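Trainee: Please find one structure pasted underneath; my questions will follow.
The values are calculated or read from the model by the stated rules, or taken from the named source; none is laboratory data. Remember, predicted model here, so these are calculated numbers, not experimental data. For neighbour counting, all protein chains shown are included, and Cβ atoms are generated from backbone atoms with ideal geometry for every residue, glycine included. Note: areas computed on protein heavy atoms with side chains; ligands, DNA, RNA excluded. Shrake-Rupley method; radii C 1.70, N 1.55, O 1.52, S 1.80 Å.
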Amino acid sequence: MSAEAQAGLGDRLGRTRRSFRGWRGQRPFWGGLLTLLGGIPIMYFPYANLTLGSMTIRMSTTAGAGSLIIGVLLVVLGLTLWFQPMSRIFAGVAAILLALVSLVVSNFGGFVIGFLLALLGGALGISWGPARAAKQEADSKKAADDTDALKGETAAFDAFDAFGGASDDLSGTSPNGNDGTNGRHRAG
């Protein structure tokens, strides 16, 4: 390979890496990965055969179909966390519930490995929040505070008209008593 080809390959690899990093930051990536990895031992162990010397140990039980269903659902929920981040709460809660059910149904949740991975992945999926939404919320709160401060300044100015006399404000907040309520107070 020539030096130009290697430089182009490094640039392409860098762009791909930055692109993946951006994609990963917009979704609960680690929660989805752990949920997906938690489903694999849950659906694998009930169908596995362990061989110790000349002795074969079968792990299959009557709950093998239930283990397969739970494992496949956890893999699907992990993919849902990746490709549908807006449904992260549902997918996280469902992953936690399936992890708890796998303790009873599937050889102690894939010998506790799948249980712990799915439980942690579901919790990470629930707790993840989009960073952009939090930034927009902070920006909108700042804009609302600025608007409230501006309203307070204009309300003081609007109490009197431009010629120095009282305005016809009927809100009950006029400082000179000319608010059209004839001395009555309003509760609200």
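Trainee: Looking at the stretch 63-82, is at least one residue in contact with a Lys or Arg (Cβ under 8 Å, 6 or more places away or on another chain) and outside any strand (DSSP E or B)?
Mentor: Yes, the stretch 63-82 has at least one match.
Trainee: Which count do you get for residues in the stretch 27-59 that are in a helix (DSSP H, G or I), surrounded by 16 or more Cβ atoms within 10 Å (Cβ to Cβ) and not hydrophobic (A, V, I, L, M, F, W, C)?
Mentor: Adding up the residues that qualify gives 8.
Trainee: Which of (1) open to solvent by 70 Å² or more (accessible area, probe 1.4 Å); (2) assigned to a loop (DSSP other than H, G, I, E, B); (3) modelled with pLDDT of 85 or more is the odd one out, the single condition PHE90 does not satisfy?
Mentor: Result: PHE90 fails condition (2) only.
Trainee: Which residues, taken from the stretch 115-161, are closer than 30 Å to GLY22 by Cβ, in a helix (DSSP H, G or I) and modelled with pLDDT of 90 or more?
Mentor: Residues satisfying the conditions are LEU116, LEU117, ALA118, LEU119, LEU120, GLY121, GLY122, ALA123, LEU124, GLY125, ILE126, SER127.
Trainee: Taking PRO85 and the conditions (1) under 13 Å from GLY31 (Cβ atoms); (2) at pLDDT below 85, which numbered condition does it fall short on, given that it satisfies the others?
Mentor: (2)
Trainee: For LEU103, state whether it is without any contact (Cβ under 8 Å) to a residue 40 or more places away in the chain and either crowded, with 20+ Cβ neighbours inside 10 Å or more than 17 Å from the chain's Cα centre (by Cα) (or both).
Mentor: So LEU103 fits the description; yes.
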